[in-house]
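First comes the structure, then the notes that go with it.
The values are calculated or read from the model by the stated rules, or taken from the named source; none is laboratory data. Quantities reported herein were computed from a predicted structural model and do not represent experimental measurements. Here the Cβ positions follow ideal geometry from the backbone for every residue, glycine too, while neighbour counts run over all protein chains shown. Please note that ligands, DNA and RNA were not included when accessible areas were found on the heavy atoms of the full protein model with its side chains. Shrake-Rupley method; radii C 1.70, N 1.55, O 1.52, S 1.80 Å.
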2 protein chains.
Amino acid sequence: MRASGSKAVTDLVQRLRTAGLRPTRQRVALGRLLFSSGDRHVTAESLHLEAAKAGAQLSLATVYNTLHQFTASGLLRQVVVDGAKTYFDTNTGDHHHFYAEDCATLIDIPGDAVVIDGLPKAPAGMEIERVEVVVRLKPRV
Amino acid sequence: MRASGSKAVTDLVQRLRTAGLRPTRQRVALGRLLFSSGDRHVTAESLHLEAAKAGAQLSLATVYNTLHQFTASGLLRQVVVDGAKTYFDTNTGDHHHFYAEDCATLIDIPGDAVVIDGLPKAPAGMEIERVEVVVRLKPRV
DNA sequence: TTCCCCGTTTAGAATCGTTCTAATATATTG
DNA sequence: CAATATATTAGAACGATTCTAAACGGGGAA
């Protein structure tokens, strides 16, 4: 096993290529952080910090670029729960979120668990792109 | 009927007093714009512009202050659908939203129409504050 | 009415997350 | 290896929002 080329990495490189993205050092580093453990929620800032701690040195601009490119390629999804920061979710499947404002934490809710009934149909000329449920949490008193 | 004191205005002044807010010229002006027609969705910017057009001159900082005070007093609710701007909704009851990203428009969905089933219970130590559904719309092709 | 106190407003500066710019570096192709 | 297109970068720019400190004004007391 070569030090620089585990199966996970070659898979990731393949995913990037398939998405039309050159597997640069920076994109591979971020991809490893994002995709090698289970589902994750990150912000540009948090990922940048994490990358720095892991020894990768890349600019914050690159983190932003990469997160957007990954999102455009369907590798990530953007989650809007807070006006101040943008979250990115490695789980791109159908699901929803708990959001604990007081600790700025997102928790996935599997999509197949939740049934939503009685939604009106979209206004004329529009169609539904996605239905997002955010369950806001507060500390129990 | 006095020129400066319709019933709507005295009601508004009363609402502000009850909320512990002095009925200043600026708060009354914004309150009239917000509460005299039906349910509304505004941003600080849009309300500031509207106030200016209506002849009230107040600073953008005051609009921000007032929106936050009204929200803290339960006269308004904040709606998070877009990372860039914060929306405020005069409908503080239980309801949800359509959001048309391409024209930055919010449309209310009555709360009693929608039934959500199968939500997991809140994580330990947390409780559910509110369940928000956002239905994202795109123009039909 | 007049005075005073304290909450409110204000202009402008500051802050924060994010995006842009234009110069440099790097991946890929031939 | 050279050529070319794409990616990265530091730092400036940006837009929404918040902060600051000084001026203002509501409303109770005298």
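So here's what we get for this one:
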quantity: Pick from region B:105-141, criterion acidic (Asp, Glu) and closer than 24 Å to A:ARG140 by Cβ, ranking: least open to solvent (accessible area, probe 1.4 Å); calculated: B:GLU132
quantity: Residues of region A:97-115 that turn out to be in a helix (DSSP H, G or I) and within 13 Å of B:LEU119 (Cα to Cα), as a count; calculated: 3
quantity: Hits in region B:70-104 (condition: over 20 Å from B:VAL131 (Cβ atoms) and of a type in the set (Phe, Trp, Tyr)); calculated: B:PHE70
quantity: Filtered residues of region A:17-40 (kept if under 15 Å from the mean Cα position of the chain (by Cα) and closer than 14 Å to A:HIS68 by Cα); calculated: A:ARG27, A:LEU30, A:GLY31, A:LEU34
quantity: Test: residue in region B:41-64 that is in the same structural domain as B:PRO23 (by TED's automatic domain parsing), under 18 Å from the mean Cα position of the chain (by Cα) and charged (D, E, K, R); calculated: yes
quantity: The lone exception for B:ALA54 - which of (1) free of Cβ contacts under 8 Å to residues at least 40 places away in the same chain; (2) within 11 Å of DNA strand C (Cβ to nearest atom) it fails; calculated: (2)
quantity: Test: residue in region A:130-138 that is basic (Lys, Arg), under 17 Å from B:VAL81 (Cβ atoms) and either in contact (Cβ under 8 Å) with a residue 12 or more places away in the chain or more than 8 Å from chain B (Cβ to nearest Cβ) (or both); calculated: yes
quantity: Set B:THR18, B:THR62, B:THR10, B:THR66: member being within 14 Å of DNA strand C (Cβ to nearest atom), more than 30 Å from B:GLU101 (Cβ to Cβ) and polar (S, T, N, Q); calculated: B:THR18
quantity: All positions within region A:86-103 that are modelled with pLDDT under 95 and not charged (D, E, K, R); calculated: A:CYS103
